[in-house]
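Let me begin by presenting the structure, written as structure tokens, before commenting on it.
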Amino acid sequence: MNDTIYTACKELIDDARSRCADLVFKDICIEILSRAKNILTHEQLQQLTQYAEEKMKEKSLTETTIPL
């Protein structure tokens, strides 16, 4: 069950990265991680945190496609 939830969290992060502005994405990541800490193992939470950190370093599509 934890593996399924871990995968779902990663998919939520990926979806948010592709659809949200940077500040909104970070807020969503914090929410996902705070909820996941009650369900995932410590190791899975660390992996998910690292995954979210990597995604935060990427530029969002909305930031790169919409010139200001």
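The values are calculated or read from the model by the stated rules, or taken from the named source; none is laboratory data. Note that this is a predicted model, so its numbers are computed, not measured. Positions of Cβ are generated from backbone atoms using ideal geometry, with glycine treated the same way; all protein chains shown enter the neighbour counts.
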Task: Count of region 4-21 residues which are among the small types (Gly, Ala, Ser) and modelled with pLDDT of 95 or more - done: 1
TODO: Please name all residue pairs, on different chains or six or more residues apart, with Cβ atoms under 9 Å, provided the first residue is in region 1-23 and is closer than 13 Å to Ala36 by Cα and the second residue is among the β-branched types (Val, Ile, Thr) and in a helix (DSSP H, G or I).
DONE: Cys9/Ile32; Leu12/Ile28; Leu12/Ile32; Ile13/Ile28; Ile13/Ile32
- [ ] Report, ordered by the first and then the second residue, all pairs with beta carbons closer than 8 Å, sequence separation of six or more or different chains, a first member in region 42-56 that is touching a residue at least 12 places away in the same chain (Cβ under 8 Å), and a second member that is of a type in the set (S, T, N, Q) and surrounded by fewer than 11 Cβ atoms within 10 Å (Cβ to Cβ).
- [x] none
